[in-house]
1. Determine which member of the set G271, G277 is closer than 14 Å to L317 by Cβ and surrounded by fewer than 21 Cβ atoms within 10 Å (Cβ to Cβ).
2. Residues R284, R316, R296: which one is buried (at least 23 other Cβ atoms within 10 Å of the Cβ), more than 24 Å from N204 (Cα to Cα) and among the basic types (K, R)?
3. Give the residue, chosen from A143, A167, A128, that is within 17 Å of the chain's Cα centre (by Cα), closer than 30 Å to S206 by Cα and at pLDDT 90 or above.
4. Filter the stretch 164-192 down to the residues that are touching a His at 6+ places or on another chain (Cβ under 9 Å) and either of a type in the set (F, W, Y) or not in a loop (DSSP other than H, G, I, E, B) (or both) and list them by number.
5. For a quick check of your reading: which strands (runs of 3 or more DSSP E) sit entirely within the stretch 321-414 and have at least 2 residues that are acidic (D, E), modelled with pLDDT of 85 or more and surrounded by fewer than 20 Cβ atoms within 10 Å (Cβ to Cβ)?
6. Please state which of the following conditions D137 fails to meet, knowing it meets all the rest: (1) surrounded by fewer than 22 Cβ atoms within 10 Å (Cβ to Cβ); (2) more than 30 Å from D209 (Cβ to Cβ); (3) touching a strand residue (DSSP E or B) at 6+ places or on another chain (Cβ under 9 Å).
7. Being of a type in the set (G, A, S) and crowded, with 17+ Cβ neighbours inside 10 Å is the filter here; which residues of the stretch 191-210 pass it?
8. Going by what's in this entry, would S95 be described as closer than 30 Å to D209 by Cβ, of a type in the set (S, T, Y), at pLDDT 85 or above and assigned to a loop (DSSP other than H, G, I, E, B)?
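The values are calculated or read from the model by the stated rules, or taken from the named source; none is laboratory data. Keep in mind the model is a prediction, meaning the values are calculated, not measured. As a convention, Cβ positions derive from the backbone with ideal geometry for all residues, glycine included, and neighbour counts pool all protein chains shown.
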Amino acid sequence: MSSSGTSTPQLPKANPSTSNQNASLPQYSLPGPQVQGSKYNQLLAVIEELGKDIRPTYAGNKICAERLKRNLIHARILTKESFLSHIINDLIIASTYQLDAGGEIRDGKFVLLSSSPLSTKSVIPTSAGIFRFTVIDANTVLACLTNGKLVRANINESAVCFESQEALSDVMLLTVSQSPSGDRILTSDNKGQVIVADSWDFKNVSSWDGHKLPYTNEPCEVWSSCWLDDNRICSGAEDGIMKLWDLRSTEKPIAVNKNFEAGVVFIEQFGSEILTGSYDEHLRVFDERKLSEPLRESKLNGGVWQVNRIVGDDFRLICACMYGGWQIIDSQSLETVAENQAIGKDLLYGASADQSTFSAAMTQTYVFQMEMTCEGCANAAKKVLSKLGDKVSKVETDVATKRVTVTTDLSKEEVLEQLKKTGKACQAIDA
């Protein structure tokens, strides 16, 4: 770096002859900006280069850590699966997003799978990575691509795609949903734009700057959006803000919630309620008439990237929690009823299930040590557990080892409480 006595620092274009100079931090390195002035001003310039990502990190804001993790990964696969057995028998639709080795080109495709047995039925390539998709009907899937285009895929025997001729954005599209009337598509990009397009030809109907980072005032990723009705939409972004917009006048939002601790990455309407997921690891439920505070909320195991209803079950949701794996929760209490954190080791961005897979996920086997001196004690244990009905699928007793083995979709604590009604000493042990 060069220095001079100039009192006002300037930031000219980088000089190729000095491009090998670097300003370094642990694990990070970037070309040192060519700044005139004191060493202090040079340091400020370097900090400014890193500021957008680093500043939230030492402020304890979780926008930070997830952004840095994403920026440092040179290649990754983003997959969302949707189980559609309620629409198309035994069909699974998966989409892919993958960077090439150079980190420049994003490839994508739809993969149609038969679930019984698991096998590939067909593959539908797209012109770029598929960031998100939504099912329109039994034959049609709509997706947003990393090259700024929308695509409509026919998933029946013809397995063909229709893509927009012109990109709606010069960067990645991040969300996609169809209006209740079916005539418009809502999407957004990673430079703060919220976009409404015609559902027939995908041409831009309207677009506006929706979100900017609070520290730098730079446009940021609009990770989530949804329709409330044909005139109102919601958007959520990396800025940690949820906004409600009236499409008849988008100069400013009609409602704003700034109470998220990190980026808002999921928004969806469920009846009269709005569900949101955030990098701050919270699932929140809002009344659409009052966005100022949630009706209820729950902290999950990781950033809540996607939430889906379980097919065939109106009272359970399955949440994809990135590093926290998936969690099945009660839609009213938001209590976790089943989970798998290990599957989040390599990041989980989507999870779907039907009632049969939900039931399988719920079933657990527990072993209890119980005071048993005869078959009468064993029968007493079976009797109290029989009162739980179909929530207990199997009970085995062994008087010799004084063990009771129970297969159930109840928690270990609930089963133990029931066994204690025998009046015998009892405790849970590892299987």
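1. Of the residues listed, the single one that is closer than 14 Å to L317 by Cβ and surrounded by fewer than 21 Cβ atoms within 10 Å (Cβ to Cβ) is G271.
2. R284 is the lone residue from the list that is buried (at least 23 other Cβ atoms within 10 Å of the Cβ), more than 24 Å from N204 (Cα to Cα) and among the basic types (K, R).
3. Criteria check complete, one pass: A143.
4. Residue satisfying the conditions is S188 alone.
5. By residue number, 392-398.
6. Going through (1) surrounded by fewer than 22 Cβ atoms within 10 Å (Cβ to Cβ); (2) more than 30 Å from D209 (Cβ to Cβ); (3) touching a strand residue (DSSP E or B) at 6+ places or on another chain (Cβ under 9 Å) one by one, D137 breaks only (3).
7. G192, A197, S199, S207, G210
8. When the stated conditions are applied, S95 does not pass them.
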